[in-house]
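Presented below is the structure to which this report refers.
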Amino acid sequence: MASNTAPSAAGRLSTPVIFAFASAGIPGAMLALILGTYLPRFYAGHIGISLTAVAGAVALVRLIDLGFDLVIGGAMDRTRTRFGRYRVWYAAGMPILILSIYKILNPPADADAGYLILWLLVTYVGTSITGLSHAAWAAALATGYNERSRVYGWMQAVAVVGSVTLLLTPLLTHGAIKPGEGSSMQAIGYLIIGLMPFTAAASIFFAPEKVSSERPEHAKFKDYMQVFTQPSMVRLVIADLFLVLGPGTTGPIYIFFFHDAKGFPISQVSLLLIPYI
């Protein structure tokens, strides 16, 4: 396991270490693309659940997930171990995420809205634990502004590689795997599950994390509310809202529009999405 001592402010993380840490973005980006773009049509078109029920299930789970993010974030703030604060959460969340991916992309023939809600909720629990811990770990990985920019730049670049690789699978597999096609979703799930242990191990064993000896501060509810009275925070929240509003609304209807309404073959639909990434 990598040393738990973070590099000094004057130090520079090696590119292999940053890449090892950022590699988690490859299966992570694939999963995000599946959940945001392909999953609604898979359950509505292939499994046979009504589109209204699918939309309601997704909306309900995401609302629940908002509260869970606050809880898990607070728990991470209070965590102190000899392995670091975020590494243990990231490792603990990975089995949950892997199990949920298997379940959500391998539903039984009689799966209903309840099945979707259950395993979608478990999936978002897993993504919240791994996503929050990995992002917070990235902020602590480098102490300097330039090094943080370098770390996050690599994370974004590697995530793009993951998304584009998934969209290229019709070409890479000579049509055997086509994102958006019901018969291919199981194979895509196995692909993501197969990558996750390796990329998680790369982060856990090769990326450093400083072990903090400071006592955690216990924030109160009013402290959280005061954050949102800061003009800079309000601008950040609004900007983030508009940043995700477009992809969040167009992503779920993308396959319906280009394949079902416009008649593009499902393999071409994925390729057409690459410039958007």
On the basis of being crowded, with 21+ Cβ neighbours inside 10 Å, in a loop (DSSP other than H, G, I, E, B), among the small types (Gly, Ala, Ser) and in contact with a Ser or Thr (Cβ under 9 Å, 6 or more places away or on another chain), does Gly180 make the cut?
yes
In region 31-77, residues that are within 22 Å of Leu273 (Cβ to Cβ) and among the polar types (S, T, N, Q) total 1
Is it the case that some residue within region 85-94 is in a loop (DSSP other than H, G, I, E, B) and closer than 30 Å to Lys220 by Cβ? yes
Filter region 25-76 for residues that are loosely packed, with under 13 Cβ neighbours inside 10 Å and within 16 Å of Gly131 (Cα to Cα); the one that is farthest from the chain's Cα centre (by Cα) is Ala75
Within region 192-232, residues at pLDDT 85 or above, touching a helix residue (DSSP H, G or I) at 6+ places or on another chain (Cβ under 7 Å) and either surrounded by fewer than 17 Cβ atoms within 10 Å (Cβ to Cβ) or aromatic (Phe, Trp, Tyr) (or both) come out as Phe206
If we keep only residues of region 81-130 that are aromatic (Phe, Trp, Tyr) and buried (at least 20 other Cβ atoms within 10 Å of the Cβ), then the residue nearest to Leu195 (Cα to Cα) is Tyr90
For region 158-174, pairs from a residue that is more than 16 Å from Ile18 (Cβ to Cβ) to a residue that is basic (Lys, Arg), with Cβ under 7 Å and 6 or more apart or across chains, are Pro170/Lys178
Review point. Of the residues that make up region 203-221, is at least one on the phi > 0 side of the Ramachandran plot, outside any helix (DSSP H, G or I) and in contact with a Phe, Trp or Tyr (Cβ under 8 Å, 6 or more places away or on another chain)?
Key: no
Over region 107-118, the set of residues in contact with a helix residue (DSSP H, G or I) (Cβ under 6 Å, 6 or more places away or on another chain) and either more than 21 Å from Leu60 (Cα to Cα) or not in a loop (DSSP other than H, G, I, E, B) (or both) is Ala113, Leu116, Ile117
Looking at the structure I just gave you, is Val269 at pLDDT below 85 and either surrounded by 12 or more Cβ atoms within 10 Å (Cβ to Cβ) or of a type outside the set (Gly, Ala, Ser) (or both)?
no
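The values are calculated or read from the model by the stated rules, or taken from the named source; none is laboratory data. In this text, all values refer to a predicted model and were calculated from it rather than measured experimentally. Positions of Cβ are backbone-derived with ideal geometry, glycine not excepted, and every protein chain shown enters the neighbour counts.
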